[in-house]
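To keep things clear, I will list the structure first and then write my remarks on it.
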């Protein structure tokens, strides 16, 4: 995706995951101080690296950020976000994952919270993440 632009802005491909526990709650991570959009709640994930698929990105990011292990067959595409920020245009596929190993632990200074989809609107989210909530409410 390097070098790709949309409407004069660079295209940023980010993959995110709605990690769902046995009680139907979704894990949200709060962006730590010092990062862009600090304090906002988001789905775990991150930038897709060169040569990496979005699914591989999710597996890597879940391990790095929160110590969770999963496999590609456990990731199901749910929906995507397409949002234009000032500096870039974000394209973000959202996967859902119900089968994973480990207990979520904050490894990058972020806060973590398991939230029922209907309560997600109580958590301020980045503009690209918030429109994804109805898909989770309908599904869960």
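Descriptive notes on the structure:
- Here the simple spin-label model places points 7 Å from the Cα toward Cβ, and for residue 7 and residue 108 these points are separated by 2.6 nm.
- Against the chain, whose longest principal axis is taken from its Cα atoms, helix 54-66 shows a tilt of about 60°.
- The tail of the calculated P(r) for region 52-122 beyond 20 Å holds 43 percent of all Cα-Cα pairs.
- Mean Cβ neighbour count within 10 Å, used as a protection proxy, ranking 113-125, 34-46 highest first: 34-46, 113-125
- Averaging Cα coordinates gives a centre for region 51-113 and one for region 122-140; these two points are 15 Å apart.
- Inter-label distance, nm, simple model (7 Å from Cα along the C-beta direction), residue 84/residue 23: 4.2
- For the chain, adding -39500 (n - 2.57) for each run of n ≥ 4 DSSP H residues and dividing by the number of residues yields -4000 deg cm²/dmol at 222 nm.
- Per residue Cα convex hull volume in Å³ - calculated over the chain: 105
Each value in this text was obtained by applying a stated rule to the coordinates, not by laboratory testing. Quantities reported herein were computed from a predicted structural model and do not represent experimental measurements. Backbone-built Cβ (ideal geometry, glycine too); neighbour counts: all protein chains shown.
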